[in-house]
Amino acid sequence: MKKILFVTHDTNRAGAQLFLLNIMKDFLASNYEISLLCLLKEGALLTEFESICEVKEIPKVNQSRLSSIFRRDHKKQLIRFIYSNYQNQGFELIYANTIAVSSLAPLLKEVLKIEMLTHIHELQFSLEQYSSEIERNELFKKSDKIIACSNSVRDNLVSLYPHLNTKTEVIHSFVENENVLSVFNNSSKTEIKKEFGLPNKKILVGACGNADWRKGVDVFINLINHLNLHYPGNEIHFVWIGLKSEGSFYEHVMYDIKKMQIGHLLTLIDPTPKAIEIINAVDIFCVSSREDPFPLVMLEAALCQKPILGFHNTGGCSEFVKNEAGILSAYLDIANMARNLLLLANSETIRNDKGKAGQQSVINQYSFNNSMLSLKKQI
């Protein structure tokens with residue numbers, strides 16, 4: 001079996017990192033030798049990564065001294081680090097996870113002179129946010145194979161870089177279906193609502209993710225405000241899972257919530273390992289993202305038979321939902337999303353039908369085993 005050097009930007013609890021952790025566990029169980037190199041050795045998943053393999057961090061760069069001379073010195077330092085830690089260690093493959101490692105992965109390829117597979121989890125905004133054009137060009141030039149986590153990601157890549165067409169394959173991201181289905185079948189909704197202070201007799205609309213502009217926390221809040229203004233008296237309560245209750249972004253969110261006077265309609269929950277249990281306790285799941293390549297939390301919600309609200313032209317949500325597993329609105333059409341939400345809230349039959357369709361779609365098309373088989377064919 002091959003010895004693989006996995007490369008990631010950090011070990012935070014987010015989709016790309018969770019995906020990486022799951023595939024690394026499977027590679028280890030299949031007798032591959034694995035190691036992990038991080039740009040930043042920090043995040044909630046670090047302990048789990050360290051339980052399965054050696055985890056190293058690249059030498060830190062002093063951001064205040066990024067002159068051209070210092071960059072050259074830092075590159076020399078990185079080269080020495082790569083030689084001393086990975087040269088002659090028998091690695092046969094570099095697995096670069098996400099565009100966020102584009103500053104490092106090409107140098108690894110240059111020094112180690114082994115095959116490199118790059119896994120892209122990003123659409124256009126994130127590609128530009130987490131890498132420079134020079135870094136992207138170098139990464140794609142040095143990559144022997146590229147995996148896109150959804151058709152939307154592949155289509156975007158090939159439209160921007162037509163020469164990548166022949167070496168880019170789609171392998172859909174996945175979740176651990178059996179674990180999520182276990183929560184779906186065994187978790188007590190009543191107990192979870194009690195634990196997190198959620199109302200027991202209202203329709204609950206959930207959303208989940210690291211809160212930022214791309215995830216559309218403001219869109220979610222404006223949806224609540226629209227319903228409150230135009231459809232007052234509805235029996236709907238909203239839940240966002242994963243918003244850290246600190247920092248400037250949180251303060252900006254709370255400012256709007258207070259100005260809109262909607263705090264009584266919304267529960268904000270800090271990042272928690274019980275996210276799936278909370279999702280299982282809601283009635284409807286909302287993907288308010290402006291851009292999301294193939295949100296894993298969407299698959300988790302679908303496995304829990306939650307009908308999904310989302311927007312067209314945002315990536316993986318519209319690719320998955322197709323108005324079968326939920327209802328889509330035009331991009332950022334909050335008024336239409338509100339009407340769709342009321343349709344679902346007022347019809348248990350429609351909620352059940354779309355929830356079951358979504359669950360079956362995940363089971364049939366996005367299983368861990370199928371995606372791992374496809375992935376190992378690329379190794």
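Read-outs: derived from the displayed coordinates by stated rules, not from any lab. All values reported here derive from a predicted model rather than from experimental measurement. All Cβ positions, even for glycine, are placed from backbone atoms using ideal geometry, and neighbour counts span all protein chains on display.
Here are some notes:
- Sites Q89 and Y250 - FRET efficiency at Förster radius 51 Å, r taken between beta-carbons, to 0.05: 0.75
- Checking [x] 0.95; [y] 0.99; [z] 1.09 against the coordinates, the calculated Rg/Rh (Cα atoms, Kirkwood Rh) falls under label [y].
- Within the straight-line cut-off of under 15 Å between alpha carbons, the aspartates and glutamates reachable from K201 are E191, E235, D283, E348, sequence neighbours fewer than 8 places apart in one chain being disregarded.
- Using a simple spin-label model with pseudo-atoms 7 Å out from Cα toward Cβ, E195 and N352 lie 2.7 nm apart.
- Rounded FRET efficiency, nearest 0.05, which uses the C-beta distance separating H163 from I134 and R0 of 22 Å: 0.85
- Potential lengthening of the chain between H312 and E42 amounts to 93.8 nm, from the contour at 0.36 nm per residue minus the alpha-carbon distance.
- The stretch 177-365 shape via C-alpha gyration tensor axes, a/c threshold 1.5: rounded
- For the listed peptides 179-191, 266-278, 92-104, a ranking on the average number of other beta carbons within 10 Å per residue, highest first, reads 92-104, 266-278, 179-191.
- Cα gyration tensor shape for the stretch 59-198, rounded if a/c is under 1.5, else prolate or oblate: prolate
- Rounded Å value of the spacing that divides the Cα centres of the stretch 310-379 and the stretch 83-101: 36 Å
- Placing pseudo-labels 7 Å out from each Cα toward the beta carbon at H230 and F125 gives an inter-label distance of 2.1 nm.
- Contact order normalised by residue count of the chain, Cα under 8 Å, 6+ apart, percent: 14 percent
- Under 23 Å, Cα to Cα: Lys pairs in the stretch 229-379, sequence gap 8 or more or different chains: 10
- Secondary-structure-derived ellipticity at 222 nm for the chain, considering helices only, amounts to -14500 deg cm²/dmol, per-run term -39500 (n - 2.57) for DSSP H runs with n ≥ 4.
- Farthest toward positive dipole pole in the stretch 3-170 [+1 Lys/Arg, -1 Asp/Glu at C-beta], among Q87, H119, C149: Q87
- Once the C-beta distance of K202 and R339 is scaled by a Förster radius of 30 Å, the resulting FRET efficiency is 0.95 to the nearest 0.05.
- Sorted peptide list for 43-52, 293-302, criterion being average Cβ within 10 angstrom, highest first: 293-302, 43-52
- Here's the list of aspartates and glutamates a cross-link from K25 could span, going by alpha-carbon distance under 16 Å and ignoring same-chain residues fewer than 8 apart: E33, E48, E50, E54, E176, E178.
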